[in-house]
Amino acid sequence: MKQSERSKQWIIDALFELMKTKSYQEITIKDLTEKAGVARLTFYRNFETKEDVLVKHFENMFAQYLNDLNAFEINTAEDALTKCFEYWKKNKVHIELFTENHLLAALSAPFGNYLETMINRYDVAKSLTVNQKQFLVGGLFFSMLEWISNEEEKSAREVAHSILEMLKL
């Protein structure tokens, strides 16, 4: 891994560490650089704003998810949705920090783009309108958040199956 990539990751890790004790709004660039052990100049070489740190984190998460997904044999929408729920459950701590810091809007846009990419992999997507795709994306996003935050006893596959069954209406 290149030094610039390591520095970016240190800054991302610092942000999430700081969010465990401070609100996102209270965290400064100075806080981030001190926690990450990098110079302010290093921060500004890699990011313009604190929000860019979140964007980079999301990019990394989605890239990792897509990489993980390619390692599995995904034959159905239920398989894909199950893997999606399982992956995000592994990132529960980050999801909780986003929720506590009122950052779900920042997560919903990249998540929506990712889900739309996934939906478009299936033939059914060709028959969906833009509004129908947005309904699916929003519904899946908030269903996933609810399932993760409430420690629902249903497995990821059971939740995926119930959502897909509902959509057959």
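All of the numbers you see were taken from the coordinates with simple rules; none came from a lab. Quick caveat, the model's predicted, so the values are computed rather than measured. Note that we place each Cβ from the backbone using ideal geometry, even for glycine, and neighbour counts take in every protein chain shown.
Values for this structure:
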{"quantity": "Evaluated over segment 3-48, the Cα radius of gyration and Dmax, each in Å", "calculated": "9.8, 28"}
{"quantity": "Nearest-20 debye value, segment 53-151 charge dipole, Cβ charges on Lys, Arg, Asp, Glu", "calculated": "220"}
{"quantity": "Relative pair counts by distance (%), Cα atoms of segment 1-119, 5 Å bins", "calculated": "2, 10, 20, 21, 17, 14, 9, 5, 2, 0"}
{"quantity": "Shape category assigned to segment 77-123 from the gyration tensor of Cα positions, a/c cut at 1.5", "calculated": "oblate"}
{"quantity": "With at most 10 neighbouring Cβ atoms within 10 Å, loop GluC sites (Glu not before Pro) (DSSP) excluded, longest segment of the chain", "calculated": "74-150"}
{"quantity": "Lys, Arg +1 and Asp, Glu -1 on Cβ, resulting dipole of the chain about Cα centre, debye, nearest 20", "calculated": "560"}
{"quantity": "Rule-of-thumb Rg ratio for segment 54-167 [Cα; 2.2 N^0.38 Å; N residues]", "calculated": "1.02"}
{"quantity": "Point-charge dipole on Cβ atoms (K/R +1, D/E -1) for segment 3-48, about Cα centre, debye to 20", "calculated": "80"}
{"quantity": "Residue among 129, 82, 49 with the largest mean-square fluctuation in a Gaussian network model of the chain, springs linking Cα atoms under 10 Å", "calculated": "129"}
{"quantity": "Proximal lysines to residue 56, defined as alpha-carbon separation beneath 17 angstrom and excluding residues fewer than eight positions away on the same chain", "calculated": "2, 8"}
{"quantity": "Residue-averaged 222 nm ellipticity for the chain, from DSSP H runs of 4+ at -39500 (n - 2.57), nearest 500", "calculated": "-23500 deg cm²/dmol"}
